[in-house]
């Protein structure tokens with residue numbers, strides 16, 4: 001398509017064009033065979049895609065269900081070995097949590113971490129202020145340079 005109506009045509013096709021654009025595209029379609037062909041191709045593609053289903057084929061579905069039934073027939077087995085291992089692990093974890101000293105609320109305040117984070121936050125805030133201030137200076141200086149350029153061009 002050489003007329004560069006591609007995006008407008010797509011907006012028109014999906015019904016997202018405002019009334020002015022819609023009228024313009026319709027007028028263009030009456031004169032442009034390439035865009036009419038493109039619109040027909042879009043319609044054909046949409047019809048083809050809408051006819052597809054996301055359902056698996058019956059043979060695939062039957063194979064998955066047969067595998068699930070076979071796995072269910074075997075059942076879940078939990079032997080003595082797994083039972084002993086899970087009990088030992090649970091005992092170790094219970095012991096670790098029983099011996100571990102609970103961290104109080106005050107521990108975070110006495111670690112110095114909070115004051116360091118405040119310092120970093122303040123530094124970032126200060127840098128943002130400095131950057132904003134310097135950007136304003138740049139804009140001001142740039143407009144001065146533009147004014148000087150205009151004066152120089154007027155004097156020539």
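The values are calculated or read from the model by the stated rules, or taken from the named source; none is laboratory data. Source: prediction; values computed, not measured. Cβ: placed from backbone, ideal geometry, glycine included. Neighbour counts: every protein chain shown.
So which pairs qualify, if the first residue must be in the range 1-13 and surrounded by 13 or more Cβ atoms within 10 Å (Cβ to Cβ), the second must be assigned to a loop (DSSP other than H, G, I, E, B) and at pLDDT 80 or above, the Cβ gap must be under 8 Å, and the two must be at least 6 apart or on different chains?
Close Cβ pairs satisfying both conditions: 3/32; 5/32; 8/17; 11/17.
Looking at (1) within 40 Å of the chain's Cα centre (by Cα); (2) in a helix (DSSP H, G or I); (3) modelled with pLDDT under 70, can you tell me which one residue 73 breaks?
(1)
Mind checking which residues of the range 14-44 are closer than 16 Å to residue 3 by Cα and out of contact with any helix residue (DSSP H, G or I) (no Cβ under 7 Å at 6 or more places or on another chain)?
Correct list: 24, 26, 27, 30, 31, 32, 33, 34, 37.
Return only the number of the condition from (1) surrounded by 10 or more Cβ atoms within 10 Å (Cβ to Cβ); (2) assigned to a helix (DSSP H, G or I); (3) out of contact with any helix residue (DSSP H, G or I) (no Cβ under 7 Å at 6 or more places or on another chain) that residue 47 does not satisfy.
With respect to (1) surrounded by 10 or more Cβ atoms within 10 Å (Cβ to Cβ); (2) assigned to a helix (DSSP H, G or I); (3) out of contact with any helix residue (DSSP H, G or I) (no Cβ under 7 Å at 6 or more places or on another chain), residue 47 is out only on (1).
Does the range 94-113 contain at least one residue that is in a helix (DSSP H, G or I), surrounded by 10 or more Cβ atoms within 10 Å (Cβ to Cβ) and modelled with pLDDT of 75 or more?
Of the residues in the range 94-113, the ones in a helix (DSSP H, G or I) are 94-99, 106-109, 113.
Among the residues that remain, those that are also surrounded by 10 or more Cβ atoms within 10 Å (Cβ to Cβ) are: 94-95, 107-109, 113.
Then keep just the ones that are modelled with pLDDT of 75 or more; that gives 94-95.
Yes, some residue in the range 94-113 is in a helix (DSSP H, G or I), surrounded by 10 or more Cβ atoms within 10 Å (Cβ to Cβ) and modelled with pLDDT of 75 or more.
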